[in-house]
Structures are given as structure tokens and as C-alpha cells.
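Q: Below you'll find the structure I mean.
Read the figures in this text as sums done on the coordinates, not as results from a lab. Everything quoted here is computed from the prediction, not taken from an experiment. Because the Cβ atoms are built from the backbone with ideal geometry, glycine has one as well, and the counts that use them run over all protein chains shown.
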Amino acid sequence: MVPPAHTARQVPSRSESGVAPAAPLSSRPGGDGYRSPTMDRPRSFEHARYLGDKRTQLVYDLDEWEDGAVIDDIVAAGVGAAFGPDTLAEARNRGYSLARPGRRRLHRAPRS
């Protein structure tokens with residue numbers, strides 16, 4: 001017995017399958033929903049609203065925080081933490097407190 005010759009299966013394109021391609025984030029109503037009017041997001045945390053500092057256990061709301069130097073320091077030191085789901089409640093569940101301007105804590109070595 002000889003097996004039948006193998007032929008490549010044609011995969012229908014998105015237009016042939018009836019599924020419309022997704023619109024790019026920038027063209028969706030309301031924009032991408034992740035832009036802060038006060039500062040740009042760090043590249044590694046561009047889809048996160050809350051950014052935690054593992055050294056101080058403070059969480060920063062990137063939509064409200066205006067001092068970019070603090071955020072840049074967290075990213076440069078590699079001690080940032082994002083939360084899933086991206087909510088303040090989840091950050092508090094992990095032991096983080098909301099940062100406020102002028103609030104300081106001791107810098108400790110990150111545990112992870």
C-alpha cells in the first residue's frame with residue numbers, strides 16, 4: 001500500500017472567513033485607555049495603571065502621579081511590580097500602600 005500524496009491545505013484568509021481584523025488600539029473609541037495626561041508610561045509598564053516599588057512597598061497610580069523622576073528611578077533600578085488584575089485593591093492585597101506626594105519609606109532590598 002502506498003499512502004496518498006500529501007497536499008497542502010489552504011487556510012482561508014481573515015476576509016474569506018468572515019472575521020474582520022481587530023481595529024488598532026489608537027483608532028478605538030476613547031483612544032487606548034492607557035495614556036496619562038500628566039506623564040508617559042514606562043515602556044515595560046505601558047499597560048499598567050498601578051506600579052509598585054518593591055523596595056518601599058508603595059504603589060504609584062500612573063494616571064495621577066506627576067513626578068516622573070520617581071517612576072524613572074523605579075524602572076531604572078528594576079524593582080517595579082505590576083499587578084493582575086491592575087487594581088489598587090490587588091496592590092493592597094499584596095501589602096502595598098498608595099503613594100502620596102511627600103510620603104517616604106525606607107528603601108529595603110527587594111524580596112523577589
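Q: Compute the length gained on full extension between residue 63 and residue 97: take 0.36 nm times their separation in residues and subtract their Cα-Cα distance, giving the result in nm to one decimal.
A: Additional length available on full extension: 10.6 nm.
Q: Applying a 10 Å radius around every beta-carbon, put 93-104, 62-73 in order of their mean neighbour count, most first. Provide the component values of the computation, followed by the final result.
A: Working: 93-104: 12.2, 62-73: 14.7.
So the peptides 93-104, 62-73, ranked by packing, come out 62-73, 93-104.
Q: Something else about it: Which residues' amide hydrogens lie under 5 Å from the amide hydrogen of residue 97, considering only partners 5 or more residues apart or on another chain, with H built in the peptide plane?
A: Under 5 Å from the amide H of residue 97: 58, 59.
Q: Binning every alpha carbon pair distance of segment 38-101 at 5 Å from zero, what are the percents per bin?
A: It works out to 4, 20, 35, 28, 12, 1, in whole percents.
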